[in-house]
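Student: Could you have a look at this structure, given as structure tokens, before my questions?
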Amino acid sequence: MITGTLDGVHAAVAVRGVDKTYRPRRGDASTTGASPVKANDGINLDVVAGEVFGLLGPNGAGKSTLVRQLVGLQRPDRGTIQVFGHDVVAEPAGAPCLLAYLAQDELAVRELSVQLAVATTARLRGLSRRGAARAAADVIDELGLAAIADRPLARLSGGQRRLACVATALVGERPLLVVDEPTTGLDPVARRGVWAAIARRRDAYGATVLLVTHNVLEAETVLDRVAVLDRGRVIACDSPGRLKAVVSEDVRLELVWRDVAPPADPVVHRLAPRALVDGRRWSIRLPQDDARDTLAALLGSPAFAALDDFTLSTPTLEDVYLALGGRNDDLERV
Amino acid sequence: MTHLPDTEQSDIQRATSLAPRTTWPAALSAVYTGQLARVRVARAPLLFVATLQSVGILLLLRGVVHTSDRQTAAAIVAGSSVLVVAFVALNLLAQRFGALRAARALDYYAALPIPLPAVVLGTAASYATFTLPGALVTAVVGVAVYGLPAAHLWVALPVAVCCGVALAGLGAALGLALPRAELATVAGQLGMTAVLFLGVIPPSHLPVAARVARDFVPSMLAVDALAHALRGPLDPAGLVWRLAVTLAMGVVGLAVSGRLLRRAVHE
């Protein structure tokens, strides 16, 4: 079994043998007749103090379930979770004293102004009224939200709203930040701003960060280590660089067809079984020599006329995910 | 599978102690202030609608009730005033907690180091506070339109406060107990309708079944207290007794809501 545990390190988070199964609720029409879903299946992980650790996986991989258990919102069916040595399964009320959590939904603060949402969260984290106002102003400045600080979140764009929610998670120092898809909907500038803010907290007071993402680029750019989840299991856990070494002999060939791929073409016919198809876009992982030959053959074949674009790139964590047996293909690449 | 040695675990534990939990007063104050600001911005038009609805009912019934029938007139004024409270504290609060629960947005509060019942209490208190102007305006208009004595009009204030607590407790409980947000909305509206009919119509005019049902609506004793105050000499002991019972029902409702909130988060 793949585990993300480490020997001889100071673990900020230690997850051992965590299982969680969702069973259909009696009387709930939406789940009647449904089978139990195993969201987490024997998960073992260590997150080292001071690192930016990622949970990467497609929707439904069990990332959010694991995180909700870690922050004390759900109990696992089996297993233990320790945060800085505190057992958050036995005493879930202790978790909020150790960590800040950015959830996916912001309805609780949607009608507050950005300033009030951040300051209220700071006060609920125990800061005095004056301290909360000061901390809120600092985070708002840091994330470039000052111009919209007086506007209710409900009247902001999706990206601005998400950024304001990130501000609520960052306000008030917590040694562990658990952020569930913090950059969803953000433009590249705001995304880099969030990553920089997270890095500053690590540098300033050694904050540990657990970042949930299904964005491959984010995982490769900001994470020290990443656990790749698929259907509730950890299928790999290491630094992004070392994980990519698993498939370092391969390259990814992306083909974008003008309309549909010509099925009769012999090169296309040979590639089709290995291609991940997303509309007009084909993505094929190939050994480097094979990719070179395939591209040369394509350029010289009639199929070239049907091509709109093609790219050849080094492998990504998505390739690792697929090489390790991941079956979903909805990881984000931008 | 590997585990950290016990000595290292204890090192970490020493290094990272738990931050103190936020106290009840601080959490309550933060939730109340935040929610009041939110309600002021987002729900002001609804308060206007709620007040207008109650004043409309007063004026409508003025066409069929003679001012000499003081018992009925006082019941109408008292019931209409409390209807404003029901609109906001019961109906809107049930919707609010139903929506928060459905969207799993209660996670926001549950991941903060606060006593969770403070969320119910702070939110309920902000909604209840928000209803006071509408309830008082309705009472003043009612007294004027029906020619009732204004000497004990001040009773409308404690009545609105106590009803706010009682109906907010019920509204929060409905929103948190029902499995779907739509059901919470329907329950909140039905509850408001019950407060309207059972409050505005004098008990003596109601059929037996409705009189029994009336006893189970937590705001009815407070409605009776205001009706009594508006139509005749003040009975201080009766007033205190009715308001105390209303308040107690509200406290029970809020305590139950606090438990339901905990259950809703962890389900």
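The values are calculated or read from the model by the stated rules, or taken from the named source; none is laboratory data. It should be emphasised that the depicted structure is a prediction, and the values quoted were computed from it without experimental measurement. Neighbour counts are summed over all protein chains in view; Cβ atoms, including those assigned to glycine, are modelled from backbone coordinates with ideal geometry. Side chains are part of the model used for accessible areas, which takes the heavy atoms of the whole protein and leaves out ligands, DNA and RNA. Shrake-Rupley method; radii C 1.70, N 1.55, O 1.52, S 1.80 Å.
Student: If you take the Cα Rg of the stretch B:21-265 and divide it by 2.2 N^0.38 Å, with N the number of residues, what do you get? Kindly include the intermediate steps, with their values, before the conclusion.
Tutor: Numbers: Rg = 17.7 Å, N = 245, 2.2 N^0.38 = 17.8 Å.
So the Cα radius of gyration is 1.00 times the expected 2.2 N^0.38 Å.
Student: Using a simple spin-label model with points 7 Å from Cα along the Cα→Cβ vector, what separation in nm is obtained for B:Trp241 and B:Val208?
Tutor: With each label placed 7 Å out from Cα toward Cβ, I get 2.5 nm.
Student: Determine the relative contact order of chain B: mean sequence separation of Cα pairs under 8 Å and six or more apart, normalised by residue count, in whole percent. Please report the intermediate quantities before stating the final value.
Tutor: Details: 418 pairs, mean separation 75.7, N = 267.
Averaging sequence separation for qualifying contacts and normalising by length gives 28 percent for chain B.
Student: Rolling a 1.4 angstrom probe over the protein heavy atoms, how many square angstrom per residue are accessible across chain A? Walk me through the intermediate numbers first.
Tutor: On the way: 14080 Å² over 334 residues.
Using a 1.4 Å probe on heavy atoms only, each residue of chain A averages 42 Å².
Student: Same structure again: So how much accessible surface do A and B hide from each other in total, probe 1.4 Å, in square angstrom to the nearest 100?
Tutor: Working: alone 16090 and 13040 Å², together 25160 Å².
Approximately 4000 Å², summed over both chains.
Student: Using only DSSP helix segments of four residues or longer, with each worth -39500 (n - 2.57), what per-residue ellipticity at 222 nm results for chain B after dividing by its residue count and rounding to 500?
Tutor: Working: 11 runs with 202 residues, N = 267.
For chain B, the value works out to -25500 deg cm²/dmol.
Student: Turning to a different aspect of this structure: Can you find, among B:Val119, B:Ala237, B:Ala209, the residue farthest towards the positive end of the dipole of the stretch B:21-265? Put +1 on the C-beta of Lys and Arg, -1 on that of Asp and Glu.
Tutor: Checking the options against the dipole of the stretch B:21-265, the answer is B:Val119.
Student: Taking each residue of A:271-282 in turn, how many C-beta atoms of other protein chains fall within 10 Å of its C-beta, and what is the average?
Tutor: On the way: counts 0, 0, 0, 0, 0, 0, 0, 0, 0, 0, 0, 0.
Mean shielding by partner chains, rounded to a whole number: 0.
Student: Can I ask one more? About its Cα centre, how strong a charge dipole does the stretch B:21-265 have in debye, to the nearest 20, once Lys and Arg get +1 and Asp and Glu get -1 at the Cβ?
Tutor: Working: 17 positive and 6 negative charges, 116 e Å.
Here the stretch B:21-265 has a charge dipole of around 560 debye.
Student: Any chance you could give the angle, 0 to 90 degrees and rounded to 10, that helix A:188-205 forms with the longest Cα principal axis of chain A?
Tutor: The answer is roughly 50 degrees.
Student: Tell me which trypsin sites (Lys or Arg not before Pro) from the stretch A:241-283 have a DSSP coil assignment and no more than 11 other beta carbons within 10 Å of their own. Provide the component values of the computation, followed by the final result.
Tutor: Numbers: sites: A:Arg242, A:Lys244, A:Arg252, A:Arg258, A:Arg270, A:Arg274, A:Arg280, A:Arg281; in loops: A:Arg258, A:Arg280.
The qualifying sites are A:Arg258.
Student: I'd like to compare A:119-126, B:253-260, A:169-176: which one has the highest average count of other Cβ atoms within 10 Å, and what's the full order after that?
Tutor: A:119-126, A:169-176, B:253-260
Student: Charges at C-beta only: +1 for Lys and Arg, -1 for Asp and Glu. How large is the resulting dipole of the protein assembly as shown about its Cα centre, in Debye rounded to 20? Don't skip to the answer; put the middle values down first.
Tutor: On the way: 59 positive and 52 negative charges, 459 e Å.
Taking the Cα centre of the protein assembly as shown as origin, the dipole is about 2200 debye.
Student: Normalised by the residues of the stretch A:222-334, what does the relative contact order come to in percent, with Cα pairs under 8 Å and at least six apart? Don't jump to the answer; show the numbers that get you there.
Tutor: Working: 149 pairs, mean separation 38.4, N = 113.
For the stretch A:222-334, the relative contact order is 34 percent.
Student: Oh, and also: Dividing the convex hull volume of the Cα atoms of the stretch A:136-193 by its residue count, what figure in Å³ per residue is obtained?
Tutor: Details: hull volume 4.8 nm³, N = 58.
Looking at the stretch A:136-193, the number lands at 83 Å³ per residue.
Student: Also: Decide, for the protein assembly as shown, between rounded, prolate and oblate: order the square roots of the alpha carbon gyration tensor eigenvalues as a ≥ b ≥ c, take rounded if a/c falls under 1.5, and otherwise choose prolate if a/b is larger than b/c, else oblate.
Tutor: Numbers: a/c = 2.66, a/b = 2.07, b/c = 1.29.
The shape class here is prolate.
Student: Pairing the Cα long axis of helix A:129-142 with the longest principal axis of chain A, what angle in degrees results, from 0 to 90 and rounded to the nearest 10?
Tutor: Tilt relative to chain A: about 20 degrees.
Student: For the Cα atoms of chain A, what angle does the longest principal axis make with the long axis of helix A:158-170, in degrees from 0 to 90, nearest 10?
Tutor: Computed tilt is about 50 degrees.
Student: Can you tell me the FRET efficiency between B:Arg180 and B:Asp69 if r is taken as the Cβ-Cβ distance and R0 is 45 Å, rounded to the nearest 0.05? Intermediate results must be reported in sequence, preceding the final value.
Tutor: Working: r = 43 Å, r/R0 = 0.96.
About 0.55, to the nearest 0.05.
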